[in-house]
Structures are given as structure tokens and as C-alpha cells.
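Below is one structure; the comments refer to it alone.
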Amino acid sequence: PPTLLWLRHDLRLADNPALHAAADGPVLPVYILDDAAAGRWAPGGAHRWWLHHSLAALAAALERAGAPLLLLRGEAATLIPRLAAATGARTVQAGRLYAPWARARDEAVAKALEAEGRTLALHNSGLLVEPERIRTQQGKPYAVYTPFSRAVMALGDPPPPIPAPGRLKGVKHPCQGEKLAGLGLLPRQPDWAAAFPEYWTPGEDGAGARLRDFVDGIAEGYDRARDFPGEDGTSRLSPHLHWGEISPRQAWHAAGGIGDTTARQTFRKELVWREFAHHVLWHNPALPEQPLRAEYAKFPYQPDPALLRAWQRGQTGYPIVDAGMRQLWRHGWMHNRVRMIVGSLLVKHLLQPWWDGAAWFWDTLVDGDLANNSLNWQWIAGSGVDAAPYFRIYNPIMQGEKFDAGGQYVREFVPELAKLPDRWLHRPWEAPAEVLRGAGVALGRTYPNPVVDHEAGRARALAALRSLKGVE
Ligand code: FAD
């Protein structure tokens, strides 16, 4: 009988321990679109676009290797045991998942399989270090990044990646699968993903090419360039890592080829942030839904659909924020520094709940990731472990002037301000009337006035913070 290879967030052939374990005999690779089990954490819109193309690439690669992919839609907790029974598979091989809903599903699948004498074998395919593996000296999970990072670094290099298997021995599919197009993952009208392909190549080959481009060139100076959103200065591997088109072990080892040692170290530390997010989520399954610092449950947010909409559409009147939100819409991705600036404006100046921001990111990001998104939003909101102190409020004007001084980023994504001189680009409301006129900007008409005055927003956020007891 074949081994079932249940692919989830490890959509690759190389360095795939579950595939490696399944590859010595006949193998049936299967992917199941299971929105019901994921519930509100089913992939968002941009995510689904990515998944469509990633599955197309994976199916082609598996076909070439000799074991065509079976695509199904429905409840995996029922379908996997049924497939195992239909094929007589004794073992189901899969990569581990860390989201609470996926853990519950794996437990149910394992139990159903065991009842029939079969096994679900889970492998670490997505992390450098499994969440249980490291603990503080007191035997507790880590709650602070720096000591966590030190502990991960002290382990040294992770095991080297496993090469892709050679020829696989496929089997006849026991049932008819779905056609990829039938899964309906692509946007209907309007096609908001029209610009995505200029920017992204989902799939293992695209991930490998991006990793090489990064290591061979972009990474030089990463330590500095990664803060400037107008530069192509970061790896842009986040969606590839999220879907497991490359593993963090591959990224880690490839980073050994970065000549600039500071850049290599900084990049690896970013990979460790991803590890930290998964560690925290594993030990705190409520991370996506509840503030980890209990006192923040009473934070006096003031939900306002009009303000939320202005933020979502990139119409806040703060150019760096609007550029970020429009980059997100156009490319399904936003530069990390700008994610922090837009997040801070939403949660602090506008007093909108962090989970509304996280939900918008979830729907629009191609790299939307439950661990990374939740951890980072709670970090911005001040309610997470090891969070930014709440009183640290990003100033969207100064941030723009510091990190987009030449205005490349704002000019690309907010073209209606493109002709403003640098001096006024991040504060158009202060520009003299003739400068605005000369640049074709009519505030309130071609571009909004700020939705909130920076100083007033900041003062209101600090007052809201003071209303919480026990928060310094
Ligand atoms: P690089 O700078 O090249 O970093 C390499 C890799 O390290 C990234 O691909 C990513 O996997 C990891 N990494 C880098 N920074 C972080 C971080 N702060 N936290 C966790 N992992 C990190 N990242 C996601 O992958 N998915 C999300 O849903 C997500 N939501 C975010 C929400 C907010 C409010 C903020 C502030 C950050 C969020 N991030 C998220 C983290 C970070 O912005 C992205 O991982 C990064 O911008 C991806 O670009 P890159 O691959 O070029 O990063």
C-alpha cells in the first residue's frame, strides 16, 4: 500500500522531511482545502491567490517526479482517514502545524487513524527549532525575544537541508480529485490581484530564485537597507516561507553565502523572529484573539468604521501610511517598517482595535501568517509579550522623513503627491498654497487632510493608556 503524504504548509520537494519519509515506497501526495476546520483563519483573499499558483507549481513538480497530486476540498478530519482506508495506507506523513485550529484537527485525525491501526507521523518541516525544544532556565517558555534568540543562536546551525528525492513511485488515485480552477481560489471581478504576478512567483522555483537573488546581491547592506521601504532591500521571502515553498533551514544555510557578516547575522535574527512568533503562539494559543497582557482587555478602543475604512484605503492624509496601505493592496505585501508605522497609527492615533488591523492584513497580505501577524499586532498594541511600550508612539511624519527622505516610496504609491518637493512630501498640509498649486495638489480634494492631528492623536492615545490600571 502507498504512504499518504498530506501536504499543508510545506509545498515543496526539497528539504521536506514528510516527503523524504514517504519517498522509499509508493506515495500518494494530497492537498485538501479545508476552510471549515480553519474557520475565521481560513486563508484570506490574497493568500488564496498565492495558494492557487503555489499548488499549480507543486502539482507540476510532483507530476514530473512521478507522483501526481490529488487535490480535494472538504473536511480533512474525515477525508484523510477515508483515503487511508481506501488505499490501505498504514502511515500518513505530514509537516507539523502550529495554529490552534490545525493542532486540534491533527489530534482528531491521529485519533481516527489510530483507531484503525494507522499512524499520523508529523515532522518539523517549518521551523528551525520546535516550540517545545527550548525553555528558559526556569523551565518556562520564552516570553522575551532577545534571550529566546540567544538560545536559538546557541544551538548553532540547524541540520543541513535534505535534497529533493529523485523519481517518486506514484499510485493510481483512489477517487477523482478537484481541478485546481474548481477550488475557486482566484479573485473574480474585479481582479484586484492583477499586479501581483509582476511582483511574485509563487512556488518552490520562485522561492529558490528569490533566495538566490537575495543572497547574491540584495543582502549586501541588508542591515541598513532593510529599514528603507523605497529600496528593494529585504528578502521578500515571507510568503514563500509561510507556504513552506522553502524551509527556514534552507534560508539559514543559504545565508551562509552572504559575504557581509553583519547582514548575515541580522537576516538570521529575522528568521528567529519568525521562530519566536511560532513559539509564543504554540505556548499561548489565544494570541490571535486575546491580549496576552490581561490588563489590555479593558483598553478603551473607539471602533469607528469610517476611520477604519480611511486607513484600509490609504486615505489617512499621512503620506507614508497611505503609501503603505496602497502597497499592501497593490502587491499583497508591505515593507516591515511601514507595517509598524501604519499599525501604530491605527491603534494609537485612531484608537481602532488591533484585531481590526490584523483582520485587514489577514485578508490582503500574501504572507498573512497567524503567528507572525498576531505577535506583531500585539507588539504594536503594547498588549503582547515583549511588546513595544505603549507610550512609544510612531510619529508618521518623522518616520516618513527619516526612512523615505528622498520620497521614492511615497511617490510610487501616492502618485497624486509625486510633484511635491521632498521638503513637504511628508507634511503636505504645511506646504505653502503656491507650492501645493504648483504640484497639482488640492488638499481635501486630490488628497485628504490628516484624519487626526498628530499631536492630538498622540495625547488621546496616552490618555487612553493612563485610563488602564497597572500599565506603565
Ligand atoms: P526580511 O527582512 O527579508 O526577513 C526575513 C524573514 O524573517 C521574513 O520573510 C519573515 O519570515 C521573518 N521576519 C522578519 N521580520 C519578522 C517579524 N517582525 N516577525 C516575524 N517574522 C519576521 N510577517 C509575516 O510573515 N506574516 C504576517 O502576517 C506578518 N504580519 C505583520 C504585521 C505587523 C503589524 C508587523 C509590524 C509585521 C508583520 N510581519 C508579518 C513581519 C514582517 O513585517 C514581515 O515578515 C516582513 O516584512 C516580510 O518581508 P521580508 O520577507 O522581505 O523580510
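Any residue in the range 378-393 that is surrounded by fewer than 21 Cβ atoms within 10 Å (Cβ to Cβ) and over 26 Å from Leu271 (Cα atoms)?
yes
What pairs come up if the first residue lies in the range 11-35 and is farther than 14 Å from Leu55 by Cβ, the second is part of a strand (DSSP E or B) and of a type in the set (D, E, K, R), and their beta carbons are under 8 Å apart, counting only those six or more places apart or on different chains?
That search, which allows pairs on different chains as well, returns Gly25/Lys169; Pro26/Lys169; Val27/Lys169.
Could you tell me whether the range 260-279 includes any residue that is closer than 19 Å to Leu211 by Cβ and small (Gly, Ala, Ser)?
yes
Is it fair to say Ala405 is loosely packed, with under 12 Cβ neighbours inside 10 Å and of a type in the set (A, V, I, L, M, F, W, C)? First the steps, then the outcome.
Numbers: loosely packed, with under 12 Cβ neighbours inside 10 Å: no; of a type in the set (A, V, I, L, M, F, W, C): yes.
Against the criterion (loosely packed, with under 12 Cβ neighbours inside 10 Å and of a type in the set (A, V, I, L, M, F, W, C)), Ala405 does not qualify.
Based on what the data block shows, is Leu443 surrounded by fewer than 17 Cβ atoms within 10 Å (Cβ to Cβ), of a type outside the set (S, T, N, Q), farther than 20 Å from Gly314 by Cα and not assigned by TED's automatic domain parsing to the domain that holds Phe148?
Values: surrounded by fewer than 17 Cβ atoms within 10 Å (Cβ to Cβ): yes; of a type outside the set (S, T, N, Q): yes; farther than 20 Å from Gly314 by Cα: no; not assigned by TED's automatic domain parsing to the domain that holds Phe148: yes.
The answer is no for Leu443.
Here is a yes/no grid of residues against (1) more than 23 Å from Pro248 (Cα to Cα); (2) outside the structural domain of Ala76 (by TED's automatic domain parsing); (3) among the β-branched types (Val, Ile, Thr):
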| position | (1), (2), (3) |
| --- | --- |
| Ala18 | no, no, no |
| Pro29 | no, no, no |
| Ile32 | yes, no, yes |
| Ala38 | yes, no, no |
| Gly45 | yes, no, no |
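Could you please find all residues in the range 209-231 being within 18 Å of the chain's Cα centre (by Cα) and either assigned to a helix (DSSP H, G or I) or over 19 Å from Arg326 (Cα atoms) (or both)?
Residues satisfying the conditions are Arg210, Leu211, Arg226.
Among the residues of the range 232-244, count how many are more than 6 Å from the ligand (Cβ to nearest atom), part of a loop (DSSP other than H, G, I, E, B) and more than 11 Å from Arg337 (Cβ to Cβ).
Of the residues in the range 232-244, the ones more than 6 Å from the ligand (Cβ to nearest atom) are 232-233, 239-240, 243-244.
So of that shortlist, the ones also part of a loop (DSSP other than H, G, I, E, B) come out as 232-233, 243-244.
Filter again for more than 11 Å from Arg337 (Cβ to Cβ), leaving 232, 243-244.
Count: 3.
Do any residues in the range 362-379 that are in the same structural domain as Val342 (by TED's automatic domain parsing) and farther than 16 Å from His335 by Cβ have Cβ atoms under 6 Å from those of residues that are within 7 Å of the ligand (Cβ to nearest atom) and assigned to a loop (DSSP other than H, G, I, E, B), where the two are at least six apart or on different chains, and which pairs are they?
Taking only residues 6 or more apart or on different chains, the pairs are Trp362/Gly368.
For the range 408-427, give me each residue that is of a type outside the set (Asp, Glu) and under 26 Å from the mean Cα position of the chain (by Cα).
Start the filter on the range 408-427 by keeping residues that are of a type outside the set (Asp, Glu), which leaves 408-411, 413-415, 417-421, 423-427.
Gln408, Tyr409, Val410, Arg411, Phe413, Val414 - these are the residues of the range 408-427 that are of a type outside the set (Asp, Glu) and under 26 Å from the mean Cα position of the chain (by Cα).
Which one is farthest from His253 (Cα to Cα), of the residues in the range 153-184 that are of a type outside the set (Gly, Ala, Ser) and without any contact (Cβ under 8 Å) to a residue 12 or more places away in the chain? Full working, then the answer.
Here is the first cut: in the range 153-184, the ones of a type outside the set (Gly, Ala, Ser) are 153, 155, 157-163, 165, 167-169, 171-176, 178-180, 183.
This time we only want the ones that are without any contact (Cβ under 8 Å) to a residue 12 or more places away in the chain, so: 172, 176.
Values: Lys172: 37, Gln176: 40 Å.
Among those residues, the one meeting the criterion is Gln176.
Looking at Glu116, Glu75, which one is of a type in the set (Asp, Glu) and either within 30 Å of Leu375 (Cβ to Cβ) or crowded, with 20+ Cβ neighbours inside 10 Å (or both)? It would help to see each step written out before you state the result.
Working: Glu116 fails: either within 30 Å of Leu375 (Cβ to Cβ) or crowded, with 20+ Cβ neighbours inside 10 Å (or both).
Checking each option against the conditions leaves just Glu75.
Taking the condition at pLDDT 95 or above, surrounded by fewer than 21 Cβ atoms within 10 Å (Cβ to Cβ) and away from the ligand (no atom under 13 Å from the Cβ), does Ala209 pass?
Numbers: at pLDDT 95 or above: yes; surrounded by fewer than 21 Cβ atoms within 10 Å (Cβ to Cβ): yes; away from the ligand (no atom under 13 Å from the Cβ): yes.
Here the answer is yes, as Ala209 does meet what is asked.
Only residues in the range 273-294 that are farther than 12 Å from Val385 by Cβ count as the first member; pair them with residues that are more than 12 Å from the ligand (Cβ to nearest atom) and hydroxyl-bearing (Ser, Thr, Tyr), Cβ under 7 angstrom, at least 6 apart or cross-chain, and list the lot.
The qualifying pairs are His278/Tyr98; Trp282/Tyr98.
With respect to Ala225, is the statement that it is among the hydrophobic types (A, V, I, L, M, F, W, C), without any contact (Cβ under 8 Å) to a residue 40 or more places away in the chain, in contact with a Gly (Cβ under 6 Å, 6 or more places away or on another chain) and not assigned by TED's automatic domain parsing to the domain that holds Gly368 true? Working first, answer last.
On the way: among the hydrophobic types (A, V, I, L, M, F, W, C): yes; without any contact (Cβ under 8 Å) to a residue 40 or more places away in the chain: yes; in contact with a Gly (Cβ under 6 Å, 6 or more places away or on another chain): yes; not assigned by TED's automatic domain parsing to the domain that holds Gly368: yes.
So Ala225 passes the test.
Do we find that Gly39 is touching a residue at least 40 places away in the same chain (Cβ under 8 Å), more than 25 Å from the chain's Cα centre (by Cα) and on the phi > 0 side of the Ramachandran plot in this structure? Break it down stepwise before answering.
Values: touching a residue at least 40 places away in the same chain (Cβ under 8 Å): yes; more than 25 Å from the chain's Cα centre (by Cα): no; on the phi > 0 side of the Ramachandran plot: yes.
Criteria not met by Gly39.
The values are calculated or read from the model by the stated rules, or taken from the named source; none is laboratory data. Note that this is a predicted model, so its numbers are computed, not measured. Every residue, glycine among them, receives a Cβ derived from its backbone with ideal geometry; neighbour counts consider all protein chains shown.
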